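Accompanying notes for the structure given below.
The values are calculated or read from the model by the stated rules, or taken from the named source; none is laboratory data. Everything numeric in this text was worked out from a predicted model, so none of it was measured. Cβ: placed from backbone, ideal geometry, glycine included. Neighbour counts: every protein chain shown. Side chains included, ligands, DNA and RNA excluded: accessible areas come from the protein's heavy atoms. Shrake-Rupley method; radii C 1.70, N 1.55, O 1.52, S 1.80 Å.
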Amino acid sequence: MKAVWIGALLTAMAVAGCASSEAESQAVAGYDFGKIDKIAIIEVTGRVYGDAVKNQISNLFTMALMKKGYTFIERKDVKTLLKEQEFQASDLTTDAGAARAGQILNVPAVMIIDIPRYKGEKMDMTAKLVDVENGTILWMGTGSGSTGKTLATVGGAIAGAAAGAVLAGGDSSDRVAGGVIGGVVGGVAGNALSPSQEKQVKKVVAKVVKDFPSRLIQTAPQK
């Protein structure tokens, strides 16, 4: 039985190491992105849970777009300001609601990131930039890739189950209960992106925003 578990985990590790990603994006033609001096990422929705993962994904987008000349309001400040205005998470899922949030934050555009699928090792990602003035979508990008998430979650659950079974002691029913509780705790602990998973997600983000219009002045190469 032990050999079977080891074999399964090694297989999972091999699959996790073969990361792939693809993405595409589209911006409004003729729009002057140079007038967007600041962006606020107001929400990360979809199949990810917990502030730890949402913050990681938000930070990856922030870093990628700062390289294109944009500045951002920190996520913690965004959450604080919207909470003070009693903004609900559901209010941020519509373009009109996102625009109102942007007005409160005093930024010309806001970004919403959605993870419509995060199953096994596969993550699909969508991001859109909304004009605060009229609620129109200025840019949208999509991407997908492998994150190796299954390995961390299952590994955490297995470790937690083992620990729970040992700590429970007693008869077999106590050990089973302890294992279940430990497995749940271990699985939850595995929900934060590990450094290797974050590296893979970063690659997806980079491709999603690859064609995002830059605010930086492009200079011709010197001859």
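Some points to look at:
- Within the stretch 90-118, the set of residues being over 30 Å from S146 (Cβ atoms), without any contact (Cβ under 8 Å) to a residue 60 or more places away in the chain and outside any helix (DSSP H, G or I) comprises T94, N106.
- Pick from the stretch 70-91, criterion under 30 Å from K210 (Cβ atoms) and in contact with a Lys or Arg (Cβ under 9 Å, 6 or more places away or on another chain), ranking: surrounded by the most Cβ atoms within 10 Å (Cβ to Cβ): Y70
- Contact map, the stretch 37-53: residues that are polar (S, T, N, Q) paired with residues that are buried (at least 17 other Cβ atoms within 10 Å of the Cβ), Cβ distance under 6 Å, separation 6+ or inter-chain. Pairs shown: T45/D114.
- Among residues of the stretch 61-80 that are charged (D, E, K, R), those with a Cβ under 9 angstrom from a residue that is open to solvent by 20 Å² or more (accessible area, probe 1.4 Å) and outside any loop (DSSP other than H, G, I, E, B), sequence gap 6+ or separate chain, pair up as E74/T62; R75/D51; R75/K54; R75/N55; R75/N59; R75/T62; K76/N55; K79/D51.
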